[in-house]
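Structure, as structure tokens:
The values are calculated or read from the model by the stated rules, or taken from the named source; none is laboratory data. The shown structure was predicted, so the numbers you read here are calculated from the model rather than taken from an experiment. Every residue, glycine as well, gets a Cβ built from its backbone with ideal geometry; the counts of neighbours run over all protein chains shown. Remember, those area values only see protein heavy atoms, side chains included, never the ligands or the DNA or RNA. Shrake-Rupley method; radii C 1.70, N 1.55, O 1.52, S 1.80 Å.
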Amino acid sequence: MIRFSLTRPLLLLAAALAFSPGMLPGTGVFSTAQAADMQQNTTQLDFSVMGQAHAVPTELTVRLSVRSDSPSAATAQKDVNTRMAAAMKLAGGQDGIVAKAGGYSIYENTPEHGPKSWTARQELELSGQDSVRLLGLAGQLQSQSLMLEGLDWSLDDATRDRLLQEARTEALKKVRSQAEQSAQTLGLRLARLKEVRISYQESGPRPVMLMAARMADSAPPQRSPDEQTLRVNVSVQAELSP
């Protein structure tokens, strides 16, 4: 969006010229008058430009969970703890894969008809850049009765920083040329760029909702990444003069 505004004439020039050379040094009167005249003829131009960079996500996150139902809260928790320990041990032996045990919950089920029971549940998050090995590991864990909750693709930190720099550079290269083109269209010239503000916009991880699977013979999950876009918005305030 481009907004134009023309500053209102000031009375500083007339006031400055009212002084005699004897009252103030001539250079001082001239400086004040010149500044006032410049301010009278300034047009303010606000506009925004955008730079973009695209890339295929480089990091995959797999979310799984361990769940156990039992008439006894202690039994449900013990089962979850044992299975999570086995899952962490298996994942911990994989180079380039980060395994994190997540939230833990235990709650009582009280149906209107039937016996009460307890459910214990804990989340497991696996992340890495080798999607083939990561998906293979997820398949192994599924065969051990872990439930697959979802997959998320994202950018690793180094790639994200590089892309943001590319998008920022693209946007800043557009600033001066667009300001000069706008000034020329208005019959003015670009005097200076007063303010430059930069903001970032990044698409978040791309989630893939999956049905939980507990089949012992389930195949490893498959998911191809979609290209992501990072955007940098540069807002500029420019001064135009005749």
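Search the stretch 124-137 for residues that are assigned to a helix (DSSP H, G or I) and pair each with any residue that is polar (S, T, N, Q) when their beta-carbon atoms are under 7 Å apart and the residues are at least 6 apart or on different chains.
Listed pairs, sorted by first residue: 133/94; 135/222; 137/94.
If you check every pair at least six apart or on different chains, which have Cβ atoms under 7 Å apart with a residue in the stretch 108-119 that is part of a strand (DSSP E or B) first and a residue that is among the aliphatic types (A, V, I, L, M) and modelled with pLDDT of 95 or more second?
Here the result reads 118/73; 118/76; 118/106; 119/76, each pair linking the stretch 108-119 to a residue that is among the aliphatic types (A, V, I, L, M) and modelled with pLDDT of 95 or more.
Would you mention how many residues in the stretch 61-84 are within 20 Å of residue 133 (Cα to Cα) and open to solvent by less than 60 Å² (accessible area, probe 1.4 Å)?
5
Suppose we keep only residues that are open to solvent by 30 Å² or more (accessible area, probe 1.4 Å) and touching a Leu at 6+ places or on another chain (Cβ under 7 Å) within the stretch 108-144. Which one would you say is farthest from residue 160 (Cα to Cα)?
140
Mind telling me which of the residues 154, 182, 177 ends up being crowded, with 17+ Cβ neighbours inside 10 Å and more than 17 Å from the chain's Cα centre (by Cα)?
182
Kindly provide the set of residues from the stretch 49-60 that are part of a strand (DSSP E or B) and open to solvent by 40 Å² or more (accessible area, probe 1.4 Å), ordered by number.
50, 52, 54, 59
Only one residue in 181, 165 is without any contact (Cβ under 8 Å) to a residue 40 or more places away in the chain and over 27 Å from residue 59 (Cα atoms), so which one is that?
Just one listed residue meets the conditions, 181.
May I ask you to list the residues in the stretch 61-97 that are among the small types (Gly, Ala, Ser), more than 30 Å from residue 115 (Cβ to Cβ) and either in contact with an Asp or Glu (Cβ under 9 Å, 6 or more places away or on another chain) or outside any helix (DSSP H, G or I) (or both)?
Of everything in the stretch 61-97, those that are among the small types (Gly, Ala, Ser), more than 30 Å from residue 115 (Cβ to Cβ) and either in contact with an Asp or Glu (Cβ under 9 Å, 6 or more places away or on another chain) or outside any helix (DSSP H, G or I) (or both) turn out to be 93, 96.
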